[in-house]
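Reviewing the structure listed below.
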Amino acid sequence: MAKKKLTLLEQALAREKELQVEKLAKVSRGVKNNFDLLKVLLPNYIPQEKQSLFHKSNADEKGVKGGYGSGKTIALCAEAIALAYLNRPILVVISSPTEDLIEDTTYATLKMLCDENNIAFQYTSTNGLFKIFFGEVSGNIRLIGGRYYKGPNIAALGLDEPFSQRRDIVNNLIARVRSKKAKRLETFWSGTAEPELMEWGTEFFEKDSDTKKLFTITIPTRENKHLPNGYIERLQSKYDAKTQEVYLEGKFILRSANPAYHSFDRKKNVAQTISDINFSTDEIVLGFDFNVDPMSCAVFVLRNKVFYQIKDFALNNSNTKELCVAVIAYLKNCFPAIAQQKKSIIISGDASGRRRGTRGYFSDYEIIRDEFAKEELQFYFNIPTENPAVRDRVNFVNKLFESERFVIDENCTKSIRDRELVSWKSAGEGFILDKSKKDLTHLSDAADYALWNCQQLLSANNEDSSVSVSRREKRH
């Protein structure tokens, strides 16, 4: 944005603020600490207890750890503003994992702090320069995302989610914090533990530190008094207990061999065969995955808001039509009410099955529609236009396992094996399931898609349902 045009009154107030700040400044190393500086620079920024301790520390490196919404980012940006003033005009750099995070989070937070405290600034997105006008000499913050820094030596470095950034990029940035003209050299960071993503930095999450060299502190989400009502409850509803410790408590929990379904427990989530199906109250749900080898389908009974997986299909070197024939034969044999058109089935699964082939072939769901209609079975489609993020659906299924709302029949041995052996790829590759073994992931994928797409059936009044786009089309 362009530099704000200040009225005479605003100019006088800005000059008064500058004089107040100058009283705190010391020639050699700056003010006593950045907390004292921020009280004058950002009077409307009221840091909470642990944010205040972060700002008060004079350690060469300091970090604030915490869960989602704990106030890490605003502390990072406030610290940057203090250092930009103290070292003006020497550059302060803030680095984030991506350019999108720079624009959506870092820039937005810096802008908010300046707007709320009547500080004029100018942002040039082409070079990421955030210039703050502190009287005659400006403070300068350079915003970069996921890349090496090329430029003059800097006074201070802020790292947003540093352990999700490449270590060589971070080391390159840290090495540039050496400007001889800086009043205070500092490296500061904020981050949330990402056990499946981080490839370095885990030692910082083991315990907090308070030395001349390093200061770190952990802020759980619940300590942020400014969160909207229901925010924490909404997060708790989506994450199992172990994941809550990461994303709400700010802890780093290393999971052996990166298991995806870490909440699965045979003692709680495996049961004997369900035989007493009540067709007046129970729902029958099918979940499909369309990998050619194998083609997969999971069969569920939904009873009293619990999903019971009662059958699985994994056909090697097959196709959608052959899978449908096998599934329909099973349903008609085991559930006479379905064959007699007294019960409708909910069909769900991988959203990519909506797409037709490049030569105009039928989509997988068109084939399913035709096969089920040919057998005169009643059914509904519940298929979104796109699949959820892998991380989201896996977290959701872990929550179901933990709350014992997902139980697998003991005869579904392949599905049970899937839940125990499916894992994330090695740390640093993101939230990607390891699909290197062709006999793993497909049954769990088929089941997960159905569970995610049909989660609204768990609570008819659930306003916070995570179903993105879901429609039910009745077919006869």
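The values are calculated or read from the model by the stated rules, or taken from the named source; none is laboratory data. Model, not experiment: these values are computed from the prediction. Don't worry about glycine lacking a Cβ; one is built from the backbone with ideal geometry, like all the others, and counts go over all protein chains shown.
Of note:
- Filter result (among the polar types (S, T, N, Q) and in contact with an Asp or Glu (Cβ under 6 Å, 6 or more places away or on another chain)) within the range 275-308: S296
- Checking the stated criteria, G128 turns out not to satisfy the condition of being surrounded by fewer than 17 Cβ atoms within 10 Å (Cβ to Cβ), touching a residue at least 24 places away in the same chain (Cβ under 8 Å), under 28 Å from the mean Cα position of the chain (by Cα) and on the phi > 0 side of the Ramachandran plot.
- Whichever residue in the range 112-122 is in contact (Cβ under 8 Å) with a residue 60 or more places away in the chain and surrounded by fewer than 19 Cβ atoms within 10 Å (Cβ to Cβ) and, among such residues, is nearest to the chain's Cα centre (by Cα): E116
- Here L110 clears all of (1) part of a helix (DSSP H, G or I); (2) at pLDDT below 95 except the condition numbered (2).
- Residue within the range 35-55 that is under 20 Å from K212 (Cα atoms), at pLDDT 90 or above and of a type in the set (K, R) present: yes
- Hits in the range 70-97 (condition: in contact with a Gly (Cβ under 9 Å, 6 or more places away or on another chain), within 24 Å of L235 (Cα to Cα) and either surrounded by fewer than 24 Cβ atoms within 10 Å (Cβ to Cβ) or not assigned by TED's automatic domain parsing to the domain that holds K131 (or both)): P97
- Residue that is among the small types (G, A, S) and within 29 Å of T281 (Cα to Cα), where the choices are S318, S352, S344: S344
- Matching option when the condition is more than 21 Å from N87 (Cα to Cα), of a type in the set (K, R), surrounded by fewer than 19 Cβ atoms within 10 Å (Cβ to Cβ) and touching a strand residue (DSSP E or B) at 6+ places or on another chain (Cβ under 9 Å), among K207, K225: K207
- Check on I310, more than 31 Å from the chain's Cα centre (by Cα), modelled with pLDDT of 90 or more and either crowded, with 20+ Cβ neighbours inside 10 Å or at negative phi (or both): yes
- Candidate set from the range 404-427 (those that are among the hydroxyl-bearing types (S, T, Y) and touching a residue at least 40 places away in the same chain (Cβ under 8 Å)); member that is surrounded by the fewest Cβ atoms within 10 Å (Cβ to Cβ): S426
- Residue in the range 428-441 that is among the aromatic types (F, W, Y), at pLDDT 80 or above, within 15 Å of D392 (Cβ to Cβ) and crowded, with 16+ Cβ neighbours inside 10 Å present: no
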